[in-house]
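Only the coordinates and a few stated rules stand behind these numbers; no lab work does. Computed from a prediction, not measured in an experiment: that's the story for all the values here. Note that each Cβ is placed from the backbone with ideal geometry, even for glycine, and that neighbours are counted across all protein chains shown.
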Amino acid sequence: MSLPGTPSNPLRVAIIGSGPSGFYAADHLQRQTNLVVQVDLFDRLPTPYGLVRGGVAPDHQKIKSVTKAYDRVASHPNFRFYGNVEFGRDLTHDDLVQRYHAIIYAVGAQSDRRMDIPGEDLPGSHPATEFVAWYNAHPDYADYEFDLSQESVAVVGLGNVAMDVIRILARTPEELAKTDIADYALEALRHSRVRNIYVLGRRGPAQAAYTTPEIKELGELADASMVVAPEEVILDPFSQQVFDSGDDKEVVRNVEVLKGYAEQGDSGKTRKIIMRFAVSPVEISGQGCVQAVKIVKNELVPDGKGGVKARATDQFETIPVGLIFRSVGYRGVPLPGVPFDDRAGVIPNDKGRVLTAPQSGTVVTGDYVVGWIKRGPSGIIGTNKPDSVETVEMLLEDMRGDKLLTPRDPSRDSLEALLESRGVRVVTYADWQRLDAIEQERGQSRGAPRLKFSRVDEMLAALDTEPKPVPGD
């Protein structure tokens with residue numbers, strides 16, 4: 001049989017996960033003008049976009065506008081979206097092998113790394129991703145509860161996700177009402193008693209992972225003060241050299257912003273964001289729930305790789321807090337029938353080709369990976385584009401070398417018949433566009449971009465009751 005990619009034998013590619021990396025992979029496949037490619041994009045939720053919908057902070061609407069590019073990808077005549085279809089439950093790896101020439105996994109890093117300290121599992125200690133998913137109306141987290149009656153909270157980590165958590169805790173209800181935050185989260189935050197938000201970073205201000213706009217934004221909140229003690233922005237000798245050289249512009253900007261906060265002092269607003277650097281939690285304590293976090297002061301020493309690492313000293317401090325969010329890294333979770341590197345928290349791969357084992361493994365024919373589940377949790381949304389292009393180029397190279405799968409029945413009819421036989425309620429992209437319009441209409445009453453559905457059954461019910469558009473209207 002001839003190589004796939006012709007009108008009579010299209011190249012059939014399944015993509016598992018509809019976040020940015022999945023859409024970028026689909027886009028690059030569609031750009032192969034010399035090939036006929038059918039891309040089927042699967043997501044276990046009825047809604048696409050992955051972390052753009054469920055992870056980007058509700059007060060960062062501009063970032064979410066990237067979905068317009070994904071809508072253009074979805075408009076391609078050879079593209080199909082199969083929402084509300086879960087890999088491993090509704091479709092197995094064997095099902096896809098029989099129907100596709102290649103499978104691309106784009107499922108992201110879905111769990112948090114732990115701090116592995118005593119008391120980490122006490123009630124009131126949470127992964128930051130749970131809080132983020134909760135306020136973003138992710139169906140898996142709509143029923144979660146967070147004790148916002150506490151006056152003091154600790155956020156561990158200095159990345160952008162930590163900054164998002166801090167902003168949502170510190171914003172006024174009036175600020176939040178204009179966003180697409182979940183309605184139940186807005187109501188809970190309206191009654192929040194949080195007043196002190198401690199931000200704990202194990203290294204110094206020059207090593208913080210947040211971007212300059214994120215740290216500047218914390219100083220622009222309506223009723224929250226940035227509290228930075230002058231000693232917190234004193235740089236270690238190595239970091240001072242980096243700052244003085246001016247080679248890393250973002251480090252310079254970040255440190256200058258923090259020095260500005262230290263100089264202006266507490267502005268006297270209701271809530272206070274208290275920045276602490278070169279400290280690490282060593283124990284969370286409390287009688288039946290979080291009541292305090294014990295931290296150790298770190299010193300920064302050369303790491304032998306041109307940077308610095310944190311080394312614990314003998315100086316300890318206990319901060320009374322009733323709630324703690326950890327944002328110290330993320331890792332993927334295994335998929336049924338797909339190799340997994342448990343140490344690194346990714347699918348083992350070589351430039352996107354899935355391997356049977358890390359480093360020494362052999363290539364799994366027809367299996368590919370993109371995004372955070374490929375490289376680990378690094379970069380911003382746009383970083384996924386070249387990452388996905390690299391993987392697709394490997395797939396195309398394998399196609400030209402006749403190294404893809406040989407599916408028994410590479411047709412959408414076969415796929416859809418299988419899903420129907422299993423009673424799967426598929427949500428199409430047209431269905432999503434109807435949900436999108438309904439959500440936007442729901443948001444008008446509070447002056448918000450949208451009011452999200454937070455439960456799958458509500459989404460499906462809305463699709464059943466909302467009249468479908470008549471062709472030609």
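Here K305 is the anchor, and the lysines within straight C-alpha reach of less than 21 Å, apart from those fewer than 8 places off in the same chain, are K249. Helix 249-264 axis versus longest C-alpha principal axis of the chain: approximately 40°, rounded to the nearest ten. Modelled label positions at I380 and R253, each set 7 Å beyond Cα in the direction of Cβ, lie 0.8 nm from each other. Rounded to the nearest 0.05, the FRET efficiency derived from the C-beta distance between C289 and D116 at R0 = 22 Å is 0.65. As I understand it, the value is the acute angle between the Cα axis of helix 412-421 and the longest principal axis of the Cα atoms of the chain; what does it come to in degrees, rounded to 10? Relative to the chain, helix 412-421 is tipped by roughly 70 degrees. DSSP bridge analysis restricted to the chain gives an antiparallel fraction near 40%, rounded to the nearest 5. Within straight-line reach of K351, meaning a Cα separation under 22 Å, sit the following lysines at least 8 residues removed in sequence or on another chain: K374, K385, K403. By the compact-protein rule of thumb, 2.2 N^0.38 Å, the alpha-carbon radius of gyration of the range 365-431 corresponds to a ratio of 1.49.
Averaging the Cα positions of each part gives two centres, and for the range 443-460 and the range 1-51 these lie 29 Å apart. Approximating the spin labels as points 7 Å out from Cα along Cα→Cβ, the E86-to-S411 distance works out to 3.0 nm. So, R0 is 22 Å and r is the distance between the beta-carbons of E393 and T356; what FRET efficiency does that work out to, to 0.05? Once the sixth-power term is evaluated, E becomes 0.55. Per-residue extension of 0.36 nm, minus the Cα-Cα distance of A222 and I234, leaves a gain of 1.5 nm for this segment. Count Lys and Arg as plus one, Asp and Glu as minus one, and take only other residues whose Cβ is under 13 Å from that of A262; the net charge is then -3.
Each 10 Å bin, from zero up to the one with the longest distance, holds this percent of the alpha carbon pairs of the range 346-473: 10, 23, 26, 28, 12, 2. Both numbers refer to the Cα atoms of the range 113-329; Rg and Dmax are 17.1, 50 Å. Computed over the alpha-carbon atoms, the range 33-177 gives an Rg to Rh ratio of 1.04, Rh here being the Kirkwood radius from the mean inverse distance. Under a model in which nothing but the beta-carbon of Lys, Arg (+1) and Asp, Glu (-1) is charged, the chain shows a dipole of about 460 debye around its Cα centre.
Along its three principal directions, the equivalent ellipsoid of the range 113-215 from the Cα gyration tensor extends over semi-axes of 22, 17, 13 Å, largest first.
From the alpha carbon gyration tensor of the range 242-285, can you work out the equivalent ellipsoid semi-axes (sqrt of 5 times each eigenvalue) and give them in Å, largest to smallest? Don't jump to the answer; show the numbers that get you there.
Values: eigenvalues 126, 74, 10 Å².
They are 25, 19, 7 Å, listed from largest to smallest.
Helix 20-30 and the longest principal axis of the C-alpha atoms of the chain enclose an angle of approximately 30°. Ordering V392, Y330, Q359 by Cα displacement along the dipole of the chain toward the positive end leaves V392 in first place; charges were set at the Cβ atoms of Lys, Arg (+1) and Asp, Glu (-1).
Using C-alpha pairs under 8 Å with a sequence gap of at least 6, the mean separation divided by the residue count of the range 113-329 gives a relative contact order of 31 percent.
Dividing the radius of gyration of the alpha carbons in the range 256-367 by their Kirkwood radius gives 1.14 for Rg/Rh. Rg and Dmax of the chain, both derived from C-alpha coordinates alone, stand at 24.0, 74 Å. For the residue pairs K216/K297; K178/K272; K259/K297; K269/K309; K68/K272, the C-alpha atoms sit more than 30 angstrom apart in K269/K309; K68/K272.
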